[in-house]
Ligand SMILES: Cc1cc2nc3c(=O)[nH]c(=O)nc-3n(C[C@H](O)[C@H](O)[C@H](O)COP(=O)(O)OP(=O)(O)OC[C@H]3O[C@@H](n4cnc5c(N)ncnc54)[C@H](O)[C@@H]3O)c2cc1C
């Protein structure tokens with residue numbers, strides 16, 4: 001990767017282009033290599049103008065705050081787009097909330113509560129941005145983005161600004177079919193009027209529940225694997241994800257399993273932890289080892305929920 005050479009081929013935006021920008025410090029896992037070029041657009045018009053003339057062969061990868069992301073040790077070729085201040089606004093109108101894609105989910109939930117809007121409480125404990133929440137159909141404790149989204153705003157790879165109604169997002173469990181090639185710039189959500197103190201109290205209860213169950217102060221990437229499709233609590237059922245990945249991981253004896261600096265969290269075994277000196281390779285190998293053990297124990301193939309991006313470098317430290 002040659003950041004300076006790539007910058008020579010790129011349009012000059014109003015925002016910032018940084019060659020070979022370390023991404024580790026921009027993700028929750030704190031691992032991984034650099035972005036060949038990191039682009040922080042000034043606003044949606046700047047992003048659109050940049051993409052309209054950015055040569056088509058150059059890969060463009062959006063990231064949020066990296067709370068569901070494993071950046072591999074070899075870094076990410078092409079342009080990594082990280083939205084900043086120009087995409088952080090949050091406004092309320094009646095029971096509607098409009099938020100920029102860089103706004104943190106927690107801040108959006110708090111703003112909704114202050115305005116006496118219920119329905120967005122589930123976002124309070126999701127540590128990502130609105131952009132990441134749209135791309136992942138983020139959810140918790142039974143609610144998800146698809147339940148409250150009115151429309152999403154985005155820029156496509158050709159630089160066109162588009163609005164996508166909720167029905168056009170192709171949402172399913174932790175998935176947005178529309179996300180491919182789009183960079184979300186904002187969203188409008190519909191809540192319902194409620195007493196702000198009651199909304200705040202419900203958010204506090206959800207946070208306490210999360211704190212008790214998840215290693216939320218560790219270097220982690222959240223849920224590593226999706227709950228497998230097709231299992232309800234009473235057996236096979238096409239659209240259900242009731243069988244929990246953590247349960248399969250526990251039954252396969254993986255709680256606390258360690259490779260190099262990477263460990264399966266003893267607190268919640270669907271979370272991988274960087275104990276301090278993990279490489280991205282350690283974390284990915286640990287995840288693959290968990291998948292193999294679960295397959296051998298239960299016959300079930302776990303699918304990664306964490307997005308893995310970038311180039312693999314094979315130089316893991318082993319325990
Ligand atoms: C402690 C912890 C707890 C978590 N709990 C939950 C939970 O309860 N529920 C839940 O759903 N998730 C949870 N997560 C995972 C994570 O917070 C969510 O998936 C979140 O939506 C990711 O947002 P992000 O901004 O960090 O995106 P990133 O992790 O940076 O990126 C995730 C994906 O979104 C894409 N993306 C990001 N921004 C944009 C954009 N603007 N336009 C297009 N694509 C974009 C990226 O390309 C990538 O594919 C948790 C994570 C941690 C660390």
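We did not get these values from a lab; they are worked out from the coordinates using the rules stated. In this text the structure is predicted, and so the values were computed from the model without any measurement. With ideal geometry, Cβ positions are generated from the backbone for all residues, glycine too; neighbour counts draw on all protein chains shown.
May I ask for the Rg/Rh ratio of segment 162-294, computed from Cα atoms with Rh as the Kirkwood radius, given to two decimals?
1.03
Using only alpha carbon pairs under 8 Å that are at least six residues apart, calculate the relative contact order of segment 87-200 and give it in whole percent.
Computed value for segment 87-200: 33 percent relative contact order.
Starting from the 7 Å offset along Cα-to-Cβ, what nm value, one decimal, do you get for the label separation of residue 158 and residue 277?
The modelled label-to-label distance comes out at 5.2 nm.
Pairs of Cα atoms under 8 Å, at least six residues apart: use those to get the relative contact order of segment 3-82, whole percent.
37
Go through 208-219, 187-198, 61-72, 266-277 and give me the packing order, highest mean Cβ count within 10 Å leading.
61-72, 266-277, 187-198, 208-219
No solvent, one uniform scatterer per C-alpha: report log10 I(q)/I(0) for the chain via the Debye equation at q = 0.11 1/Å, two decimals.
These q points yield log10 I(q)/I(0) values of -0.72.
Put one equal scatterer on each alpha carbon of segment 216-309, apply the Debye formula with no solvent term, and list log10 I(q)/I(0) at q = 0.15, 0.22, 0.24 1/Å to two decimals.
Here the Debye-derived log intensity ratios amount to -0.53, -1.06, -1.22.
Given that compact globular proteins tend to follow 2.2 N^0.38 Å, what is the ratio of the alpha-carbon Rg of segment 87-200 to that value?
Expressed relative to 2.2 N^0.38 Å, the Cα Rg reads 0.98.
Return P(r) of segment 3-82 (all Cα-Cα pairs; 10 Å bins starting at 0; whole %; ordered from short to long distances).
Going from the shortest bin to the longest, the percentages are 20, 53, 26, 1.
Would you mind computing, in nm to one decimal, how far apart the modelled labels at residue 85 and residue 304 are, each placed 7 Å from Cα along Cα→Cβ?
Label-label distance for residue 85 and residue 304, simple model: 3.5 nm.
Ranked from highest to lowest mean number of other Cβ atoms within 10 Å per residue, what is the order of the peptides 21-32, 99-110?
99-110, 21-32
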